[in-house]
Amino acid sequence: MKIGVITDCFKKGHEYGIEEAARLGLDGVQIYATTGEFSPETLSTEKKAEYKELLKKHHLVVSALCGDMGGYGFEIEADNGERIEKTKRIIDLAVEFGAKVVTTHIGVIPADKREPRYAVMLKALTECGLYAKSKGVTMAIETGPEKATTLKAFLEDTKGGVGVNLDPANFVMVTGQDPAEAVQLLKDYIVHTHAKDGVQLKESNPTEVYHAFAVGGVAALEACEGFKEVPLGQGQVDWHKYLAALHEIGYSGFLTIERETGNNPQEDIRIAAEFVRNALAE
């Protein structure tokens with residue numbers, strides 16, 4: 001498996017994030033592309049060339065682009081037309097940078113398929129997935145607000161081009177599910193993973209958690225009393241068991257370090273890189 005990092009987690013811009021990834025000896029980077037300097041509508045031809053040269057200089061690949069639409073993901077039908085078109089432009093950008101994955105949070109998938117938003121979300125992801133598939137890219141839904149069985153059932157209803165970005169901490173913190181168990185259930189769909197850790201402090205309602213995040217962003221997560229993101233290796237993710245499960249299913253892709261909270265992301269990411277490297281060597 002390969003080790004990467006989300007450039008945004010350094011909180012100092014993508015160029016700095018790329019330089020730091022190289023300094024830490026990582027294999028690649030994931031880049032946020034929905035808004036800001038790397039979004040399709042902002043990134044000029046000249047700037048694209050500069051980023052490509054910087055990545056080439058440091059022998060780094062783009063493991064994935066992050067295409068999170070924010071808010072309620074694809075739950076609201078009236079918003080989806082614009083969000084789908086934006087997603088397609090991010091997929092096009094991924095192709096330009098040789099990335100085979102675009103990750104996204106899609107909202108909260110209902111366990112009951114009869115709920116109206118299930119059909120709304122499925123329609124949107126089916127269109128995004130088919131477009132991604134036509135470009136040789138996978139739309140990877142990040143794990144979080146639902147159990148793996150619910151996510152798997154949803155994936156089976158799409159028509160290709162949709163996979164999973166497995167975040168073990170989100171399972172631990174929000175649903176309380178064992179990430180290793182989730183790996184086995186979602187093994188046919190995992191195309192990218194995040195390396196993140198956390199603790200569940202008390203049971204919470206996943207829908208309420210993610211809808212609070214839709215309104216309040218990362219600040220809402222930091223204020224949540226039900227769980228806490230912590231530096232890698234200090235939480236409840238059983239990394240030995242989790243990595244063994246990934247090995248067992250033949251996963252050889254990226255473990256991309258994500259650190260959304262904390263006051264010293266540079267040091268936390270350095271520790272995380274060392275932790276993952278040692279864990280893979282065991």
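Which residues, counting only those in segment 1-52, are among the small types (Gly, Ala, Ser) and surrounded by 14 or more Cβ atoms within 10 Å (Cβ to Cβ)? Answer for segment 1-52, where residues must be among the small types (Gly, Ala, Ser) and surrounded by 14 or more Cβ atoms within 10 Å (Cβ to Cβ): GLY4, GLY13, GLY17, ALA21, ALA22, GLY28, ALA33, SER39.
The conditions of being in a helix (DSSP H, G or I) and within 24 Å of THR126 (Cα to Cα) are not met by GLU46. Here GLY67 clears all of (1) surrounded by fewer than 16 Cβ atoms within 10 Å (Cβ to Cβ); (2) touching a residue at least 24 places away in the same chain (Cβ under 8 Å); (3) not hydroxyl-bearing (Ser, Thr, Tyr) except the condition numbered (1). For segment 25-50, filtering for residues that are of a type outside the set (Gly, Ala, Ser) and under 21 Å from the mean Cα position of the chain (by Cα) leaves 11. Scanning segment 178-202 for residues that are modelled with pLDDT under 95 and either closer than 21 Å to LEU155 by Cβ or hydrophobic (A, V, I, L, M, F, W, C) (or both) returns a single hit, LEU201. Residue by residue through segment 242-265, note down the ones that are in a helix (DSSP H, G or I) and surrounded by 15 or more Cβ atoms within 10 Å (Cβ to Cβ). If the condition is that a residue be in a helix (DSSP H, G or I) and surrounded by 15 or more Cβ atoms within 10 Å (Cβ to Cβ), then TYR242, LEU243, ALA245, LEU246, PRO265 are the ones that fit. Taken over segment 235-282, the criterion of being of a type in the set (Ser, Thr, Tyr) and within 16 Å of VAL172 (Cβ to Cβ) is satisfied by TYR242, THR261. Those strands (runs of 3 or more DSSP E) of segment 147-226 in which at least 3 residues are of a type outside the set (S, T, N, Q) and in contact (Cβ under 8 Å) with a residue 40 or more places away in the chain, considering only elements entirely within it, cover 190-195.
Results for (1) in contact with a helix residue (DSSP H, G or I) (Cβ under 7 Å, 6 or more places away or on another chain); (2) in a helix (DSSP H, G or I); (3) among the hydroxyl-bearing types (Ser, Thr, Tyr); (4) surrounded by fewer than 18 Cβ atoms within 10 Å (Cβ to Cβ), shown as yes or no for each residue.
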residue	(1), (2), (3), (4)
GLY71	yes, no, no, yes
PHE74	yes, no, no, no
ASP79	no, yes, no, yes
GLU82	no, yes, no, yes
ILE91	yes, yes, no, no
VAL95	no, yes, no, yes
GLY98	no, no, no, yes
VAL102	yes, no, no, no
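For segment 187-213, the set of residues classified as crowded, with 19+ Cβ neighbours inside 10 Å and either among the basic types (Lys, Arg) or under 23 Å from GLU115 (Cα atoms) (or both) consists of LYS196, PRO206, VAL209, TYR210, PHE213, listed by residue number. The residue that is nearest to ALA99 (Cα to Cα), counting only those in segment 125-149 that are among the hydroxyl-bearing types (Ser, Thr, Tyr) and surrounded by 19 or more Cβ atoms within 10 Å (Cβ to Cβ), is THR138.
May I ask you to verify whether ALA111 is of a type in the set (A, V, I, L, M, F, W, C) and without any contact (Cβ under 8 Å) to a residue 24 or more places away in the chain? No; evaluated as a whole, the condition is false for this residue.
The values are calculated or read from the model by the stated rules, or taken from the named source; none is laboratory data. None of the values given here were measured: they were computed from a predicted structure. So basically every Cβ, Gly included, is an ideal-geometry build from the backbone, and we count neighbours across all protein chains shown.
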